[in-house]
Amino acid sequence: MAIPVKLQAFEGPLDLLLHLIDKNKIDIYDIPIAEITDQYLAYVKQMDHEDMDVTSEFMVMAATLIDIKCRMLLPKETDEEGEEEDPREELVRQLLEYKEYKVLAQRLREYMDRAGDVVCRSQSLPEEVASYRPPVDTEELFKDVTLDRLHEIFTFVLRRQEDKVDPIRSKFGHIEREEVSLPDKLNYVEIFTRKNRRVSFRKLLERQHTRMHVIVTFLAVLELMKLGRIQVTQEDTFGEIEIESLEDVNDTTRVGDSYSEDA
């Protein structure tokens with residue numbers, strides 16, 4: 001009567017090979033393929049063959065080991081550089097990768113086991129620290145923008161505003177222009193950039209209806225840059241100048257309201 005033997009369960013063929021290498025204290029870079037193949041086949045013969053999916057994986061590795069064993073008996077092949085090729089090289093690479101994954105998996109399990117012992121405390125900063133904002137570095141703010149480029153766009157938009165004036169109808173009569181205040185334009189530019197986050201400096205000026213609106217809008221942009229509410233960047237030397245808001249989109253404060261009082 002045969003004595004039943006309970007075999008150790010392995011996660012796959014590579015797991016079994018690593019077990020045999022560790023058990024026999026073999027150098028993974030110099031595997032005695034004949035010895036390992038015999039031990040591997042002995043284990044496969046004792047396996048439970050009911051699960052064909054698992055068994056097929058072990059059988060494929062058995063065929064690979066036998067193939068390597070046969071190639072070891074033949075004269076060694078050489079690569080393009082004239083160096084001898086080791087038939088075990090690919091197998092060694094797979095074993096090293098699997099061993100690395102196995103170590104990482106063990107570390108993740110350890111981290112998961114210790115995760116329940118970790119408690120994170122909610123942030124509790126003093127109000128003075130939470131409300132602190134670093135001072136604005138004007139040199140850093142203007143490093144990508146030249147005044148010549150700003151002046152060029154400013155002049156271009158003014159010229160376009162002049163071209164919109166009808167030379168005939170403009171002589172029909174004098175229309176009083178509505179006064180444009182800098183605080184109002186500060187609020188306008190601030191809200192517009194806060195809502196859109198990133199806008200073109202050229203398109204912002206082109207949205208203005210009159211020459212005076214263009215001038216005051218230009219001044220508002222410079223003032224908001226100085227206050228650190230927006231930043232202006234230019235990726236290329238002659239590229240488009242972009243205005244980006246540095247404020248929270250949900251912020252409801254307006255610099256123009258306090259600006260009129262300070263003025």
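All of the numbers you see were taken from the coordinates with simple rules; none came from a lab. Note that the structure is a prediction, hence the values are computed from the model and not measured. Here the Cβ positions follow ideal geometry from the backbone for every residue, glycine too, while neighbour counts run over all protein chains shown.
Quick check on packing: order 126-134, 90-98, 209-217 by the mean number of other C-beta atoms within 10 Å, highest mean leading.
Taking the mean over residues of other Cβ atoms within 10 Å, the ranking is 209-217, 90-98, 126-134.
Just need the relative contact order of the range 177-225 here, percent rounded to a whole number, with Cα pairs under 8 Å and 6+ apart.
Computed over the range 177-225, the figure is 57 percent.
Quick check: residue separation of residue 211 and residue 71 times 0.36 nm, minus the Cα distance between them. What number comes out in nm?
Result: 41.8 nm gained on full extension.
Would you pull out the residues with amide H under 5 Å of residue 200's amide H, same chain only if 5 or more places away, H placed 1.01 Å from N?
Here 243 satisfy the definition.
When a/c is below 1.5 the answer is rounded, else prolate if a/b is larger than b/c, else oblate, so apply that to the range 52-122 with a ≥ b ≥ c taken from the square roots of the Cα gyration tensor eigenvalues.
oblate
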